[in-house]
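Since every read-out is calculated from the coordinates, none of them should be taken as a lab result. These figures come from a predicted structure and were not determined experimentally. Note that we place each Cβ from the backbone using ideal geometry, even for glycine, and neighbour counts take in every protein chain shown.
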Amino acid sequence: MNSKTNKITIIGMLSAIAYVSVIICRVPVVLFLKYEPKDTIIALGGFIFGPMASFYISVIVSFTEMMTISDTGIIGCVMNTLASCAFACVSAAIYKRKRTLQGEIIGLAAGILTMVIVMLAWNYLLTPIYMGYPQEDVVKLLLPAILPFNLLKGGLNAAFTFLFYKPIVHALRKRGLIE
């Protein structure tokens, strides 16, 4: 199999694994906010193939989720895509430029920070629309609920990405699936 076919196949497999993780590993945290480890898998795809792979996996998983199990419609799909891309694409872009342990750590930290900022802004703007909450109530939730949730989510995803990246890359290289 050529490398382009391998890349497309692995991106498809990572998309499927990320989607399954949403179904079987969704954990309610606070209010309407749930943690699932899909962003870890999306970030792994980006670390292996670059930030565009993270983008593709994010869109595929968010769209599939919207069409099957989500009750938040297109706004939920957009929010999921934004959150995943903010974490995974930023992390992968930094790691792509500096493929070292330091680059991985800086990339993951920047991904957490970007996701937190993006999700605070988008929750402020979109949660009143799709959840029907008054804007004032959403503002009251930003610091005590949405900020800590996104820090927790980003921290867990970064830790899992950090732990699983090297073993997964070694396994894929050993089988000749990536360079």
At R0 = 35 Å, FRET efficiency that the Cβ-Cβ distance of Y130 and K96 yields, to 0.05: 0.60
Anyone know which of I117, I24, I105 comes out most mobile in the 10 Å Cα GNM of the chain? I24
In this structure, the FRET efficiency calculated for F32 and A109 from their beta-carbon separation, with R0 = 30 Å, to the nearest 0.05, is 0.65
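Would you calculate a helix-derived [θ] at 222 nm for the chain, using -39,500 (n - 2.57) for each DSSP H run of n ≥ 4 and dividing by the full residue count, to the nearest 500? Show your work: numbers first, answer last.
Numbers: 7 runs with 143 residues, N = 179.
-27500 deg cm²/dmol, from helical runs alone.
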Nearest-0.05 FRET efficiency for N2 and H170 at R0 = 22 Å, using Cβ-Cβ distance, is 0.50
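Compare the peptides 63-72, 14-23 by average per-residue count of other Cβ atoms within 10 angstrom and give them in order, highest first. Walk me through the intermediate numbers first.
On the way: 63-72: 14.4, 14-23: 19.4.
Packing order, densest peptide first, comes out as 14-23, 63-72.
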Against the 2.2 N^0.38 Å scaling, with N counting residues, where does region 66-161 land? I'd like the Cα-based Rg ratio to two decimal places. 1.17
Please state the Cα pair-distance histogram of region 1-105 with 5 angstrom bins from zero: what percent is in each bin? 2, 14, 22, 23, 18, 12, 6, 2, 0, 0
Label model pair L142, I23: point-to-point distance (7 angstrom along the Cα→beta-carbon line) in nm is 3.7 nm
Report the relative contact order of the chain, percent, no decimals, based on alpha-carbon pairs under 8 angstrom and at least 6 residues apart. 21 percent
Report, to one decimal in Å, the Kirkwood hydrodynamic radius for region 22-63 based on all distinct Cα pairs. 11.0 Å
Radius, Kirkwood style, for the chain when every pair of distinct Cα atoms is counted (Å): 16.5 Å
Tell me which aspartates and glutamates have Cα within less than 13 Å of K38's Cα, excluding those fewer than 8 residues away on the same chain? E65
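Please give the contour-minus-distance gain from L120 to F160: 0.36 nm per residue of separation, less the Cα-Cα distance, rounded to one decimal in nm.
Values: separation 40, 0.36 × 40 = 14.40 nm, distance 2.27 nm.
So the extension gain works out to 12.1 nm.
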